[in-house]
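Take a look at the structure set out below.
The values are calculated or read from the model by the stated rules, or taken from the named source; none is laboratory data. Values in this document were obtained by computation on a predicted structure and should not be read as measured data. FYI the Cβ positions are ideal-geometry reconstructions off the backbone, even for glycines, and counts take in every protein chain you see. In case anyone asks, the SASA skips ligands and DNA or RNA and just uses the protein heavy atoms, side chains included. Shrake-Rupley method; radii C 1.70, N 1.55, O 1.52, S 1.80 Å.
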Amino acid sequence: MINIKKNIDEIKNNQVLIEFKGVSKNYANGTHALNDVNIRINKGEFVFVVGASGAGKSTFIKLIMHEEKCNTGEVIVNGYRMSKIKRREVPYFRRTMGIVFQDFRLIPNMTVFGNVAFSLRVVGASSKDIRKRVAAALSMVGLGDKARCYPNELSGGEQQRVGLARALVNNPQIIIADEPTGNVDPEMSYEIVDLLTEINRRGTTVVMVTHEHQLVRDFGRRVIMLEKGRIVADNEEGAVQ
Amino acid sequence: MKLRSVRYLTVEGFKNIWLHRLMTLASVCVLVSCMLLMGVAVLLTYNIQASFVSVKDNNLALVFLDDKVNDNEAVEVEKKISALSNVKKTEYVSREQGAESFRESIGTMFDDLFENDSTFLPAKIKVTWKDLSKTKTEKAIEQIKNIKGVYYVNYSKGLTKVLNGIQNVINTASIWIIGLLLFTSLVIIANTIRITMAARKLEISIMKAVGATNNFIRFPFIVEGITFGLISAIISTGVLYLIYNSTIDQVRQFGFLSLIPYSSVVWYLFGGFCIIGVVAGTIGSLISISKYLRKEGSEQNAFI
Ligand SMILES: Nc1ncnc2c1ncn2[C@@H]1O[C@H](COP(=O)(O)OP(=O)(O)OP(=O)(O)O)[C@@H](O)[C@H]1O
Ligand SMILES: [Mg+2]
């Protein structure tokens with residue numbers, strides 16, 4: 001009975017959002033960053049990507065957001081084939097995802113509100129819409145009272161929460177985060193991942209790169225492990241060695 | 001692009017102009033310098049052309065008539081000449097009038113030579129052209145030659161040719177000067193704006209990451225470029241007015257040349273400056289961001 005329910009859930013959720021088919025990536029200087037990577041990430045999943053420095057985690061992320069192109073194989077994200085996508089389609093593709101950076105990437109001379117509103121301006125939202133959605137996003141990350149602050153008046157953890165608010169204010173299908181906790185105090189890291197979990201619970205797929213194994217273990221999610229450009233483990237339930 | 005976005009981006013463009021006001025100042029100075037040089041070239045060309053036109057005004061054709069033609073017949077010939085499309089004015093000079101003005105100009109010392117004959121010069125008709133271009137005058141001269149009673153047509157082919165030649169050289173030279181200055185200002189503006197790119201790279205990379213189209217990113221830069229151009233056009237027209245008027249005053253003291261008034265060219269100059277400024281400003285700013293637009297990535301901090 002339980003199995004049947006699980007299967008139904010799987011069929012319902014079995015909508016592949018990110019797919020790598022035999023993907024290899026060599027940089028111009030000859031570095032083999034990824035070798036024959038095959039992976040599927042379904043809609044609604046929460047995935048950690050782990051591995052040693054230089055293992056190819058950031059490359060993996062860059063291929064998903066079409067910052068780099070693979071040399072062989074095919075990357076399909078949200079129905080877009082990365083080998084076929086046209087330059088003028090890239091902005092519209094990017095609007096289906098929210099990107100969180102390790103170094104926050106907040107604009108220093110803009111308030112918290114302005115930084116989050118930025119991604120709504122790009123899509124031409126109305127001022128009224130912007131006010132409403134930015135307020136909602138900021139209260140979701142617990143910064144409702146900091147809207148008028150400037151980035152340099154915030155702690156690292158708070159700045160990253162602004163980054164998160166900016167990524168999710170557009171209601172993206174996917175949130176992609178390359179070491180979002182890399183520049184944040186350990187306690188703050190948990191808060192960030194808690195937030196990502198909450199965002200995921202509301203239906204957004206999350207792909208997060210991290211170095212912090214303890215954190216991965218504690219949150220118990222799917223873990224993709226990279227080593228020298230290959231996937232060496234792909235475990236459910238946070239089973240890191 | 002939505003109207004709302006256009007409004008937002010225009011405001012952003014003006015904010016950037018103020019935010020990077022030192023660069024604005026630099027760009028405007030470059031543009032103004034180039035425009036002033038261009039303006040001087042244009043005013044020089046205009047003035048030279050204007051003085052050529054007055055020289056050419058004196059450049060009449062003289063139609064000499066057959067000795068057999070009497071005054072009445074000469075009037076007929078003059079009518080025929082006046083009827084030609086390129087003829088502005090005709091003036092009949094009879095033999096006696098001709099001899100009279102000849103005497104006036106050289107005095108009476110040759111009177112004996114001509115034995116008081118007042119008909120030693122042929123009668124002639126002075127013709128002034130409407131259009132001085134070579135093709136039109138030559139066509140009219142052919143037509144005049146075919147009129148019965150015309151003996152010979154004298155026109156200063158050589159002078160017209162030389163004047164036209166000089167004029168062509170001046171026109172070509174000023175076009176080259178203007179082109180060169182336009183190119184120079186474009187390059188300098190592109191470089192000036194590029195200096196501020198370090199500060200804006202982050203912004204562009206974030207815009208790209210959240211899905212801004214290239215046109216969206218370019219828009220504020222275009223607003224900036226157009227504003228640079230228009231500000232520079234206004235300043236240049238004003239400064240040139242001051243320079244030119246003081247020049248006119250100086251020249252007037254010498255009294256041998258008359259310069260065209262500034263008001264007769266001010267709108268052409270201003271219009272030209274606006275076009276040049278907007279083109280240079282826009283293309284200059286587009287050149288400076290093109291490199292950043294080509295990069296697909298968020299890692300714009302990694303390169304310059
Ligand atoms: N733009 C690039 N040009 C050339 N080589 C690159 C480039 N980016 C990454 N590499 C190389 O590709 C390999 C994988 O890099 P990647 O950034 O994906 O590793 P990573 O797993 O993210 O490492 P880290 O944990 O240190 O961030 C490395 O050897 C790196 O030196
Ligand atoms: Mg990395």
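For A:LYS57, a cut-off of 30 angstrom between C-alpha atoms picks up these lysines, skipping any fewer than 8 places away in its own chain: A:LYS12, A:LYS21, A:LYS25, A:LYS43, A:LYS69, A:LYS84, A:LYS86, A:LYS228, B:LYS201, B:LYS208, B:LYS291, B:LYS295.
Fully extending the segment from A:ASP185 to A:ASN152 would add 10.2 nm, taking 0.36 nm per residue of separation and subtracting the current Cα-Cα distance.
Put simply, the convex hull of the Cα atoms in segment B:60-155 casts, on average, a shadow of 6.3 nm².
Of the residues in segment B:185-219, those shielded by at least 10 Å² of accessible area once partner protein chains are present, compared with the chain alone at a 1.4 Å probe, are B:LEU202, B:GLU203, B:ILE206, B:MET207, B:LYS208, B:ALA209, B:VAL210, B:GLY211, B:ALA212, B:THR213, B:ASN214, B:PHE216.
Could you work out what % of the accessible surface of chain A is carbon and sulfur, using a 1.4 angstrom probe and leaving DNA, RNA and ligands out of the count? C and S fraction of accessible area: 48 percent. Considering the protein assembly as shown, its Cα convex hull presents a mean projected area of 40.3 nm². Between chain A and chain B, the total buried accessible area stands at approximately 2200 Å², from heavy atoms with a 1.4 Å probe. Contact residues in segment A:96-138 by the 50 Å² criterion (accessible area, 1.4 Å probe, full protein complex versus chain alone): A:ARG105, A:PHE118, A:ARG121, A:VAL122, A:GLY124. A straight Cα-to-Cα reach below 22 Å connects B:LYS80 with the lysines B:LYS68, B:LYS88, B:LYS89, B:LYS124, B:LYS126, B:LYS130, B:LYS134, B:LYS136, B:LYS139, B:LYS145, B:LYS148, residues fewer than 8 places away in its own chain not being considered. Surface composition of segment B:60-155: carbon and sulfur make up 49 percent of the accessible area, probe 1.4 Å. The label-point distance for B:TRP18 and B:LYS148, in a model that sets each label 7 Å from Cα toward Cβ, rounds to 8.5 nm. For chain A, the longest principal axis of the Cα atoms and the long axis of helix A:156-168 meet at an angle of about 80 degrees. Rounded to the nearest 0.05, the FRET efficiency derived from the C-beta distance between B:GLU96 and B:LYS139 at R0 = 45 Å is 0.90. For the protein assembly as shown, the 222 nm mean residue ellipticity estimated from helices alone, with every DSSP H stretch of n ≥ 4 adding -39500 (n - 2.57) and the total spread over all residues, rounds to -18500 deg cm²/dmol.
Computed about its Cα centre, the charge dipole of segment B:60-155 is approximately 860 debye, with only Lys, Arg, Asp and Glu carrying charge at their Cβ. Here chain B is assigned +1 on the Cβ of each Lys and Arg and -1 on the Cβ of each Asp and Glu. Its dipole about the Cα centre then comes out at about 2280 debye. If you wrap the Cα atoms of segment B:1-88 in a convex hull and average its projected area over all directions, you get 12.3 nm².
Between B:ASN70 and B:ILE234, what length comes free when the chain is fully extended (0.36 nm per residue of separation minus the Cα-Cα distance, one decimal in nm)? Result: 52.7 nm gained on full extension. Working note: Karplus 6.51/-1.76/1.60 with θ = phi - 60° gives segment B:230-247 the couplings 5, 4, 4, 4, 5, 4, 4, 4, x, 4, 4, 4, 4, 4, 5, 5, 5, 5 Hz, where Gly and Pro are set to x. Here, chain A has an Rg and a Dmax of 18.0, 57 Å when only alpha carbons are counted.
Using a simple spin-label model with pseudo-atoms 7 Å out from Cα toward Cβ, B:TYR268 and A:ARG131 lie 5.4 nm apart. For segment B:60-155, the per residue solvent-accessible surface stands at 64 Å², with DNA, RNA and ligands left out and a 1.4 Å probe.
Given a Förster distance of 45 Å, report the FRET efficiency between B:ILE243 and B:LYS88 from their Cβ-Cβ distance, rounded to the nearest 0.05. The computed FRET efficiency comes out at 0.80. Measuring nothing but how far apart in sequence close Cα pairs (under 8 Å, 6+ apart) lie, relative to its length, chain B scores a relative contact order of 29 percent. Between B:PHE120 and B:LEU62, what's the calculated FRET efficiency when r is the beta-carbon distance and R0 is 22 Å? Round to 0.05. The computed FRET efficiency comes out at 0.85. Phi angles of segment A:112-121 translate, via the Karplus equation with coefficients 6.51, -1.76, 1.60 and θ = phi - 60°, into HN-Hα couplings of 4, 4, x, 5, 6, 5, 3, 6, 8, 4 Hz per residue; Gly and Pro are given as x.
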